[in-house]
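A quick write-up on the structure given underneath.
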Amino acid sequence: MKMERYKYTLLVAIFLMGGSLVVAQEVLTLDKALKIAFENSPALVQSKLSLRQNELNLQAQKASLKSQFSLDVNPFSYSRSSRYDSYNSKWYDSKSMSSSASLGIVQPVKWTDGTISLINNVSWQDASNRSSGGKSTAFNHNISLQIEQPIFTYNRTKMRLRELELSLESARLNYAMQQLNIEKSVTDNFYSVYQRFKDLTIARDEYANQKQNYEIIKNKVEAGLVAREELFQAEVNMANSESSVYSAEIAYENAKDNFKLLLGMSLDDDIAVLPNTEITPISVNTNDAVKYGLDQRMELRERQITLERDVFSIIEAKAENEFKGNIAARVGLNALGDKVNNIYNNPTDNEEIGLTLTIPIFDWGAKKARVESSKLAMQSDEVELEEQKKEIVINIRQICRNLPTLINQIAIKKKSIENAERTYEINLEKYRNGNMSGMDLQQYQSQLTQAKQDYTNALIQYKLELLNLKVQSLWDFEANKSYLPVDLLK
């Protein structure tokens, strides 16, 4: 009920502020503003495209580890040639016709980085020599099983797969961090618009007071009850208040334009913000907040991914100009005949096996230098990881220490408004009775204005600091749950 009354009061204030409420005006809550930003943010769209691209790359790599089928077909081939034999002083004419087909099945072996291939070739050829009258027809079927296995080297297939998995995880982390950055930026700008709106409201209240005071002094001066100098001071005070209203209107419109630009909305749209200014003190255990931050912060996981890639870089550096080998084995069956029905009468089998070694001789220290450089890069990343952990711990501790102070400040600022209002009313009565000058009253008016602004700033600062704690620890202490914007475990 209290929130509904607040919404009604704010809408009435907007109505009074503009003279009339524009029908097309859109009132934005923080949740609605975030939804619009998530839909329109170019950075988030690009991050999502990158995420999808990495998903497809990993999907393609996994598909390439399954059996690969290929079929090569040569339905018909014809050739005719003439050759002159200078020894016999004769021309030899020959022609041939052929067709063939080859079916290959290749199965990569992920665990050993080898390949197993099954090749099945079928061909037919008809050849003739018109000069000698010779003619032959042949049907051929050749099937073979081949195995190739690298040895004395690292498994490139598994490493490539792991690199793509890390790239996908990194893309998910980047997408999540983009969401967090957008949420923080939108929240900052949302409360900036609200702050400018409150400044404008306070400036208009002050102007109304100054205008009322001016009318009072004007009547007293005309009645000869106070000196005319008081009227001059009242005019100055009213002019300053009117100028403050104008400046606050400009600041408010500028803040709205910046906010619309951030959300990707049309600059011609008229908006107003409707924040929830209710303050519920949250009890935060510093040790728990630090633990959540160290366990969940995506930047730390990014550093760990970098360290895993550093390991890959070291392995690749060691593999340059390395001692390695390759084992190749093949068993096959070859059938040949001049007719289809007799090609398997006398089949022949064949086997091959071979070992190839690559032995480096001397590289002038290039490999050693590359390996050492990769190790130093990894050490540097390890130092950065530890330093980032310390920075996270310090930031979370500072926020946890600051939250109770901000709560106290809100209570103090609220009390200050009450005191400033009472003081202003007392001195306003003195001013009306002619016992106080306009310049002195202006000081109390300024104190009241400043007290209201300080209270608004304290509310906003607490809201932003609570958001900052969620961003730093990735834990929502209000809802008591994790604050990851996407499921990073997919």
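Failed condition for Ser123, given (1) assigned to a strand (DSSP E or B); (2) touching a residue at least 40 places away in the same chain (Cβ under 8 Å), with all others met?
(2)
Just to be sure I understand, how many residues within segment 321-349 are under 24 Å from Pro150 (Cβ atoms) and not in a loop (DSSP other than H, G, I, E, B)?
Applying the first criterion (under 24 Å from Pro150 (Cβ atoms)) to segment 321-349 yields 321-332.
When the remaining residues are screened for being not in a loop (DSSP other than H, G, I, E, B), the result is 324-332.
Looking only at that region, the number is 9.
Please work out which one of (1) free of Cβ contacts under 8 Å to residues at least 24 places away in the same chain; (2) within 34 Å of the chain's Cα centre (by Cα) is the condition Asn341 fails and give its number.
(2)
For segment 223-241, name all the residues that are of a type in the set (Asp, Glu) and either modelled with pLDDT of 85 or more or surrounded by fewer than 15 Cβ atoms within 10 Å (Cβ to Cβ) (or both).
First, pick out the residues of segment 223-241 that are of a type in the set (Asp, Glu): 229-230, 235.
Within segment 223-241, Glu229, Glu235 qualify.
Residues in segment 243-257 that are open to solvent by 30 Å² or more (accessible area, probe 1.4 Å) and under 15 Å from Asp199 (Cβ atoms): how many? Spell out the reasoning first.
Here is the first cut: in segment 243-257, the ones open to solvent by 30 Å² or more (accessible area, probe 1.4 Å) are 243-244, 246-247, 249-251, 253-254, 257.
Next, only the ones that are under 15 Å from Asp199 (Cβ atoms) stay: 243-244, 246-247, 249-251, 253-254.
Looking only at that region, the number is 9.
Pick from Asn350, Asn435, Asn427, Asn419: which is touching a Ser or Thr at 6+ places or on another chain (Cβ under 9 Å) and either closer than 30 Å to Leu231 by Cβ or loosely packed, with under 12 Cβ neighbours inside 10 Å (or both)? Step through it out loud before you land on a result.
Numbers: Asn435 fails: touching a Ser or Thr at 6+ places or on another chain (Cβ under 9 Å); Asn427 fails: touching a Ser or Thr at 6+ places or on another chain (Cβ under 9 Å); Asn419 fails: touching a Ser or Thr at 6+ places or on another chain (Cβ under 9 Å).
The unique qualifying residue is Asn350.
Regarding Asp113, is this residue surrounded by fewer than 14 Cβ atoms within 10 Å (Cβ to Cβ) and either touching a helix residue (DSSP H, G or I) at 6+ places or on another chain (Cβ under 7 Å) or at pLDDT below 80 (or both)? Quick ask: steps written out before the conclusion?
Values: surrounded by fewer than 14 Cβ atoms within 10 Å (Cβ to Cβ): no; either touching a helix residue (DSSP H, G or I) at 6+ places or on another chain (Cβ under 7 Å) or at pLDDT below 80 (or both): yes.
So Asp113 fails the test.
What's the total number of residues in segment 28-68 that are modelled with pLDDT of 90 or more, more than 30 Å from Met159 (Cα to Cα) and outside any helix (DSSP H, G or I)?
2
If I ask for residues that are open to solvent by less than 80 Å² (accessible area, probe 1.4 Å) and of a type in the set (D, E, K, R), which ones from segment 383-394 would you list?
First, the residues of segment 383-394 that are open to solvent by less than 80 Å² (accessible area, probe 1.4 Å): 384-385, 388-389, 392-393.
Answer for segment 383-394, where residues must be open to solvent by less than 80 Å² (accessible area, probe 1.4 Å) and of a type in the set (D, E, K, R): Glu384, Lys389.
Can you spot a residue in segment 361-374 that is over 24 Å from Arg330 (Cβ atoms), open to solvent by 100 Å² or more (accessible area, probe 1.4 Å) and of a type in the set (D, E, K, R)?
Narrowing segment 361-374 to residues over 24 Å from Arg330 (Cβ atoms): 361-374.
Going one step further and asking which of them are open to solvent by 100 Å² or more (accessible area, probe 1.4 Å), we end up with 361-362, 364, 368, 370.
Checking the rest, the ones that are also of a type in the set (D, E, K, R) come to 368, 370.
Yes, because at least one residue in segment 361-374 is over 24 Å from Arg330 (Cβ atoms), open to solvent by 100 Å² or more (accessible area, probe 1.4 Å) and of a type in the set (D, E, K, R).
Go through segment 303-347 and give me each residue that's touching a His at 6+ places or on another chain (Cβ under 9 Å) and open to solvent by 50 Å² or more (accessible area, probe 1.4 Å).
Leu333, Leu336, Tyr344, Pro347
Between a residue in segment 424-441 that is in contact (Cβ under 8 Å) with a residue 60 or more places away in the chain and at positive phi and any residue that is assigned to a helix (DSSP H, G or I) and not hydroxyl-bearing (Ser, Thr, Tyr), which pairs come within a Cβ distance under 7 Å, given they are 6 or more apart or on different chains?
Matching pairs, first to second residue: Gly434/Lys220.
Of all residues in segment 258-268, how many are open to solvent by 60 Å² or more (accessible area, probe 1.4 Å) and either basic (Lys, Arg) or farther than 17 Å from Asp31 by Cβ (or both)? Show your work before the answer.
We begin by selecting, within segment 258-268, every residue open to solvent by 60 Å² or more (accessible area, probe 1.4 Å); these are 258, 261-262, 267-268.
Within this subset, residues satisfying the condition of being either basic (Lys, Arg) or farther than 17 Å from Asp31 by Cβ (or both) are 258, 261, 267-268.
Qualifying residue count, segment 258-268: 4.
Among (1) crowded, with 20+ Cβ neighbours inside 10 Å; (2) in contact (Cβ under 8 Å) with a residue 60 or more places away in the chain; (3) farther than 20 Å from Ile392 by Cβ, which single condition is Ala458 missing?
With (1) crowded, with 20+ Cβ neighbours inside 10 Å; (2) in contact (Cβ under 8 Å) with a residue 60 or more places away in the chain; (3) farther than 20 Å from Ile392 by Cβ applied to Ala458, the lone miss is (2).
The values are calculated or read from the model by the stated rules, or taken from the named source; none is laboratory data. Every value quoted in this text rests on a predicted model; they were computed, and no experiment measured them. Cβ coordinates were reconstructed from backbone atoms using ideal geometry, including for glycine residues, and neighbour counts include every protein chain displayed. To get the accessible areas, we keep the full protein, side chains included, count just its heavy atoms, and leave off ligands, DNA and RNA. Shrake-Rupley method; radii C 1.70, N 1.55, O 1.52, S 1.80 Å.
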